[in-house]
Amino acid sequence: MTMAVTVAAVDTGRLARANPLAKILACFVLGIGALLSGDPVTPALILAAALGCLSIGGINARAVVRRGWPILLSAAGLGATTLLFGDSDDPLLTALAVTVRVLAVALPGLAVLLTIDPTDLADSLVQHARVPARFAYASLAALRLVPLLALEWQTITAARRARGVEAGRSPVARLRLFWSVAFTLLVGAVRRGTRLAVAMDARGFDSTGPRTVARPQRVRPSDIALLFGSLVLVAAAVAASLALGTYEFF
Amino acid sequence: MTNETQQSSSRAARWRTVDIVVAAVLAAAVGVIFWAWGLLWNAVDPAFSAFPPGQAFMYGVWMIPGVLGMLIIRKPGAAVFTSLLASIVSALLGTAWGLSVIVYGLLQGVLPELVFLATRYRRFTLAVAMVAAAASGAAAVFLDWFNWYREWTLGWLATYAGLLIASAIVIAGVGSWALVRVLATTGALDAFPSGRERSEIDA
Amino acid sequence: MISGGGARVRARGWGWRHAGRRSPAVRGLDLDIEPGERILLLGASGAGKSTLLAALAGLLDPDHSGEATGELTVDGRDPRTTRDRSALVLQDPETQLVMARAGDDVAFGLENRAVPRESIWPRVDAALDAVGFPYGRTHRTDQLSGGEQQRLALAGALALEPGLLLLDEPTANVDPGGAAVVRQAIRAVLGSTGATMVLVEHRVAETLDMIDRVVVLEPGGGVRASGTPSDVFTAHGESLAAEGVWVPDLPLGTPRRSAPGPDQLRAEDVTVDPGLHGVSAVLTAGEVVAVTGPNGAGKSTLAGVLGGLRAPESGTVRGSADLAGPDADVPPHRWRAPALAARIGMVFQDPEHQFLTARVRDELAFGPRRRGAPDGDVARLVDDLLDRLHLTGLANANPFTLSGGEKRRLSVATALTTSPPVLILDEPTFGQDRRTWLELVDLLAAHRSDGGSILIATHDTALVEVLADRVLPLDAGRVAASEVAR
């Protein structure tokens, strides 16, 4: 089982060049808009409009589908359980509303995520959102280790097989193996973190003085427009839904 | 408080590089563990993982980062930072919930943080860990209700909440506390106060 | 040329005890290093070399991380106040890099030092150039080999224009080809700056041309010897070698060979995507086969396939009837784990990946206990192994707390506890000191004379020389030349 785990941006369209914070905030606005509505139409409108804008902005549709299928699965699952456990007058409609809500909240976020470079995001957070530099860059450094840790998970599992320990069928055995591998991974991770901290300190990371910026991030008028646009989009969807008579708050 | 104790306590509250980096790497490792966990349960029984009351039973796993982070690092903000970052890693690795898990990570860190704050960041016992984990569970219940389960009956909601919080207390409260103690025996936590309870070794 | 010239180091009766340890790592150190001098720091494991480097880099804090005695100064001042004069390069390439792109990583140190933005990128480019970094600024750091990563780390140190360059085993975790390139980069750096250098390195022979003086540290003590390389090695070569230092030109033992027996494990025309193309290999009882080749040649992949941990896309892997019994027609990757462990012992590159228990004694007892051996037998086997491995004092310690060499010995021993006929090892001597190396060779030779077969995936030419009966060279997933019998 080899899974390619990457945490870098894979898209380079027009949207990729926008300010990462603006992109995330825009998705956030869309998500809140979808969450605050109780009917299926409003989130559907938000989702449709968002997907439309994203494709104009140059989003790779195939990558979204490849990464996004768990979202579709869970949306369907949620819809089903709402049918089972809900108590509304029109269960089918409510289930539909929940399903669309999930998609409207999660899909644009995923698509945008594919266009964000983690380094740019960290820079943006430090330069525009006043996040302390030490936390942002330490997080970035730790993020770099994620694919390594995923690979290590597989190596540790293989090492257990080599010593005669395997999961087999029994759920208890699976849990025990899982715990054993997880524990070993954590020990290794904490050790790595300690070594990484020494390396970062050796390069002056813990100084209390000011820090200069090698990669200035810009907030362009187009970024403001993006943010504004997301607000407009939500408002328009609500208005359209009201006009159609389908709108329900919460 | 004299000036000296004020200075030393504010110095003690300042995060060292190793505190930040290990909290971050811990979050990354837990994020990877969540990914593996997801793979495990999807392989075993997709129906189980899509069935929320079944999920509630195992839900406590998601509360671990906040409590664990604080128990190891023991600095103000550790629960929030670790939980938030673990959820970001989760989101990046591709979860079923997209970016919304980040809000979960935030709230599931803030509520335990408040519990530790209430003890003025001085008590890191099993009892405190269990209360913090319960608080984290409450945050998850609230968010789940708000986001997806608004239309459920009160009965189902109560069952769900009960299962979830119980799971949180056992897995994230007792589990995290036990995990820290075992980690300390490997010597990995020597740079932290949580690790110094290990007996002094020779050379 | 850097501003200010090389730094001057002075130690008088300096000592350091890490918090949580009972004995000091260094005690009574008297040392003078002139500006621009190039020092090679040697000593057995635990002699305090890394501690001294960390102290010189200003990373040891008497308020929190331990207790200092005596005096240690860089340019006459406390090292913690001269942090901007020193730069430290550590041994783990992967855990030293911070950023996702090469240029950003070099710039990281400059940002921390509040270097004005206009100066940052020119200095980055100059540093990358000086170490001969083969790629541009935007190259991803996770797509670099170990040697390239260490060169990048060196560039990061160089960009800071240090007066004191500290290198803690910079090639320990790098393959020989990469190590040679890293050393070349260090020479280039030394040629262009007047910085003082303190180097800790165990591949001593290859670094002698870069250094002026050798300083040997005593474990838990101070300076044992100091002088030119030839003086020090003539006077102290034997005792240093006995303690594990890789003294140049001391022989490692004569090659030992054995008489081969029947085939035990055979791989035919195996292809793994990516990594191996049509590779065949045979393991014969009483023989050691060394799989060699540069990084990425597929050595670890082949070891994994033969060890039943990876399934090939095409080709067959089969154990002999003697080895596999009822599974003689089943490929190893389909053997059940307990059967696999009984037939093939596998030793991974990182010993920690294999640990299953909380005590050394339990690690050794794990295999036999699982096979149902009676407690008395298990206890005797464990005690015997502990004795042979010099681990008796650590029997109740947590395996994770052992030193690197001890962990390595333990991981090899645990693979041997179930007496598997086949033993497969992935880079067993990586970064090991001389003493552990010799002990490993003994263990492996003993397994061979007991009739076992061994496959070692390795870069270590000395190991191949001393132990290998046959060599299988790989390159880019294919067999590079016909197998060499020796």
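Read-outs throughout are calculated quantities, based only on the coordinates presented, and are distinct from any laboratory measurement. Everything quoted here is computed from the prediction, not taken from an experiment. Quick reminder, even Gly has a Cβ in these numbers, built from the backbone with ideal geometry, and neighbours come from all protein chains shown.
Treating r as the C-beta distance of C:HIS390 and A:LEU84 and R0 as 51 Å, the FRET efficiency rounds to 0.20.
Our summary of shape: the Cα atoms of region C:189-340 have principal axis extents of 63, 38, 27 Å, ordered from largest down, in whole angstrom. How big is D, in µm² s⁻¹, for region C:104-160 by Stokes-Einstein at 10 °C and 1.306 mPa s if Rh is the Kirkwood radius over C-alpha pairs? It diffuses with D of about 142 µm²/s by this estimate.
Listed by Cβ neighbour count within 10 Å, with the fewest neighbours leading, C:ARG361, A:ARG66 appear as A:ARG66, C:ARG361. Dipole magnitude for the protein assembly as shown: computed about the Cα centre from +1 point charges on Lys and Arg Cβ and -1 point charges on Asp and Glu Cβ, it is near 1320 debye. The translational diffusion coefficient of region C:340-423, from Stokes-Einstein at 25 °C and 0.890 mPa s with a Kirkwood hydrodynamic radius over alpha carbon pairs, comes to 195 µm²/s. Using the Cβ of A:SER207 as centre and a radius below 15 Å, the other residues enclosed give a net charge of +4, where K and R count +1 and D and E count -1. Beta bridges from DSSP with both residues in chain C: antiparallel share about 50 percent, rounded to the nearest 5. For region A:12-142, the mean projected area of the C-alpha convex hull, equal to one quarter of the hull surface, is 9.1 nm². When C:THR284, B:THR82 are arranged by Cβ crowding within 10 Å, least crowded first, meaning fewest neighbours, the order is C:THR284, B:THR82. Peptide A:151-159 has a mean of 6 when you count, residue by residue, the C-beta atoms of other protein chains within 10 Å of its C-beta. FRET efficiency for the pair B:PHE142 and A:ALA236, taken as 1/(1 + (r/R0)^6) with r the Cβ-Cβ distance and R0 = 30 Å, rounds to 0.50. For chain A, the relative contact order comes to 37 percent (Cα pairs under 8 Å, sequence separation of at least 6).
Taking only the C-alpha atoms of the protein assembly as shown, the Rg (one decimal) and the largest Cα-Cα distance, Dmax (whole number), read 29.3, 96 Å.
Along its three principal directions, the equivalent ellipsoid of chain C from the Cα gyration tensor extends over semi-axes of 43, 27, 20 Å, largest first. Return a whole-number percent for the relative contact order of chain C, with Cα pairs under 8 Å and 6 or more residues apart as the contact set. Relative CO of chain C lands at 16 percent. Cα centroids of region C:308-362 and region A:115-183: 26 Å apart. Here the average projected area of the convex hull drawn through the C-alpha atoms of region C:1-159 stands at 10.4 nm². Across peptide A:102-114, the mean count of Cβ atoms from other chains lying within 10 Å of each residue's own Cβ comes to 4.
In summary, region C:257-388 shows an alpha-carbon radius of gyration equal to 1.18 times the 2.2 N^0.38 Å reference for compact globular proteins. Under a point-charge model restricted to the Cβ atoms of Lys and Arg (+1) and Asp and Glu (-1), what is the dipole moment magnitude of chain A relative to its Cα centre, in debye to the nearest 20? That gives a dipole near 1360 debye. In order along region A:105-122, the phi-based Karplus estimate (6.51 cos²θ - 1.76 cosθ + 1.60, θ = phi - 60°) of 3J(HN,Hα) comes to 6, 8, 5, x, x, 4, 4, 5, 3, 5, 9, 9, 8, x, 5, 4, 5, 4 Hz; Gly and Pro are listed as x. Each Lys and Arg Cβ is given +1 and each Asp and Glu Cβ -1; about its Cα centre, region C:1-101 then shows a dipole of about 120 debye.
Here the Karplus relation 6.51 cos²θ - 1.76 cosθ + 1.60, evaluated at θ = phi - 60°, turns the backbone of region C:196-202 into coupling constants of 6, 10, 10, 10, 10, 8, 9 Hz, with x for every Gly and Pro.
Rounded to the nearest angstrom and listed largest first, the equivalent-ellipsoid semi-axes of region A:84-171 from its Cα gyration tensor are 35, 32, 11. Farthest towards the positive end of the charge dipole of the protein assembly as shown, among the residues C:GLY43, C:ALA107, C:LEU394, is the Cα of C:ALA107, using unit charges on the Cβ of Lys, Arg, Asp and Glu. Using C-alpha pairs under 8 Å with a sequence gap of at least 6, the mean separation divided by the residue count of region C:285-410 gives a relative contact order of 18 percent. Legend: calculated FRET efficiency, A:GLU166 to C:ALA476, from the Cβ-Cβ distance at R0 = 30 Å, rounded to 0.05, equals 0.40. Just going by the charge dipole of the protein assembly as shown, with Lys and Arg at +1 and Asp and Glu at -1 on Cβ, which of A:PHE249, C:GLY367, A:ALA63 is farthest out on the positive end? In the protein assembly as shown, that residue is A:PHE249. DSSP beta bridges confined to the protein assembly as shown are antiparallel in about 50 percent of cases.
Taking packing as the residue-averaged number of other Cβ atoms within 10 angstrom, the listed peptides B:164-173, B:122-131, C:250-259 run from highest to lowest as B:164-173, B:122-131, C:250-259.
Less than 5 angstrom separates the built amide H of C:ALA476 from those of C:ALA297, all sequence-distant by 5 or more or on a different chain.
Note on region C:30-49 and region B:163-181: Cα centroid distance 49 Å, given to the nearest whole angstrom. Taking a ≥ b ≥ c as the square roots of the eigenvalues of the alpha carbon gyration tensor, region A:135-246 is oblate, as a/c is not under 1.5 and a/b does not beat b/c. Over the C-alpha atoms of region C:41-132, the Rg to Rh ratio, Rh being the Kirkwood estimate, stands at 1.02. Normalised Debye scattering of region C:242-306 at q = 0.12, 0.22, 0.28 Å⁻¹ gives log10 I(q)/I(0) of -0.49, -0.94, -1.20, counting only Cα atoms as equal scatterers and leaving out solvent. Taking the square roots of five times each eigenvalue of the Cα gyration tensor of region A:180-223, the equivalent ellipsoid has semi-axes of 34, 20, 6 Å, listed largest first. Taking θ as phi - 60° and the Karplus parameters 6.51, -1.76 and 1.60, the scalar couplings of region B:150-157 work out to 4, 8, 6, 6, 4, x, 4, 4 Hz in sequence order, x denoting glycine and proline.
I'd like the distance between the alpha-carbon centres of region C:376-407 and region B:136-150, rounded to an integer number of Å. If you average the Cα positions of each part, the centres end up 50 Å apart.
Considering only the Cα atoms of chain A, their convex hull presents on average a projected area of 18.0 nm².
Per-residue shielding of B:123-132, expressed as the average number of other chain Cβ atoms within 10 Å of the residue Cβ, stands at 0.
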